1. Over segment 37-275, consider all pairs of different Cα atoms and compute the Kirkwood hydrodynamic radius from their mean reciprocal separation; express it in Å, one decimal.
2. Find the relative contact order for segment 26-155 and round it to a whole percent, using C-alpha pairs within less than 8 Å whose residues are 6+ positions apart.
3. If each of R109 and A239 carries a label point 7 Å out from its Cα toward its Cβ, how far apart are those two points in nm?
4. Near K71, which lysines are there with a Cα under 30 Å away, not counting those fewer than 8 places off in the same chain?
5. So if R0 is 30 Å, what FRET efficiency would D229 and D202 give, r being the distance between their Cβ atoms, rounded to the nearest 0.05?
6. What nm distance separates the two modelled labels at E141 and D39, each placed 7 Å from Cα along Cα→Cβ?
7. Any idea what the relative contact order of segment 77-231 is, in percent, if you count C-alpha pairs under 8 Å spaced at least 6 apart?
8. Say R0 is 35 Å: what FRET efficiency, to the nearest 0.05, do K71 and D170 get from their beta-carbon distance?
Amino acid sequence: MSDLFRRAVLTVTHRGPVRRLITGTAAGRRLSHRFVAGDDLADAETVARRLNAEGFRVSLDHLGEHVADRKEALRARDDYLACLERIAAAGLDANISVKLTHLGLDFDRAFAADALVELAAKAKEVGTTVTVDMEESRYTEATIELYAGAQAELGNLGIALQAYLHRTADDLVRLLPLGGHIRLCKGAYAEPPEVAFQRREDVDANFDHLLRILMAAPDVVPAIATHDDARIRLALRLAADRVGPWEFQMLYGVRRDLQRRLVAEGHALRVYVPYGSAWYPYLTRRLAERPANLLFFGRAVVGR
């Protein structure tokens, strides 16, 4: 989807009346339930159990970002620690995905770094991993640096890289020696032309270039995060020559038929399952990605 469309949707959905329409109506809640497991960890566990039973791996994301103070960041850290405990107790095939601004990066980089290490240590204790989500481009360098430090110390982390950023090819080469798992996605934030490719075909071309590098790297676990048929076909072709493990990653509620088909064909697929009450920013990015999601909301509003 073009950056122009993404910018338009993100601009409109950040307006107060639109936010109130989506968050304050039954239609908005129905739409959120399509993409978000529920408001709490129990809801997330229920969804994760079902997905595991259907052959999917899971990544649990407790929604939240850009917290304003240490109290909120501590709560986020503790919520993730509880999530890791639940993963272990329930025997889930799951890891966690975290945003560093949810752990306080906006106001205390050292605190966010310590929280990330604490989460990774707990994840290692219970036998799973932590993926660091990538946020807006102004956080890219700090995110990479904090990830690199934690990965060097504990070795059980991964990071997301966004193909629409001009810098990502250099970032990928820089990160390959660290091992871990690398999630390659297209990118969901509105960014200016000097930072990101603006045309879909340019984003796709860069994604393909990065995908070839990633799938040829023996010491990392590629996580191919796309719902794009052409990108999926390329990944499958490249996988024929790959020795090490890799997986697809897709979003909860998006192209569920495709997800089921890939698992039925024997491919590893991890579903990104967000949960929590702070679902609105996540939902607006899903609306901005695909016109079909806006159509789904429109039908919900009119009761069709």
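Values in this text are rule-based calculations from the coordinates and carry no lab data. Computed from a prediction, not measured in an experiment: that's the story for all the values here. Because the Cβ atoms are built from the backbone with ideal geometry, glycine has one as well, and the counts that use them run over all protein chains shown.
1. On the way: mean 1/r = 0.0555 Å⁻¹.
When all Cα pairs of segment 37-275 are included, the Kirkwood radius is 18.0 Å.
2. Numbers: 143 pairs, mean separation 28.3, N = 130.
The value is 22 percent.
3. 3.8
4. List returned: K99, K122, K124.
5. Details: r = 18 Å, r/R0 = 0.61.
Computed FRET efficiency for D229 and D202: 0.95.
6. 4.2
7. Values: 221 pairs, mean separation 28.3, N = 155.
Across segment 77-231, relative contact order equals 18 percent.
8. Values: r = 37 Å, r/R0 = 1.05.
After rounding, the FRET efficiency stands at 0.40.
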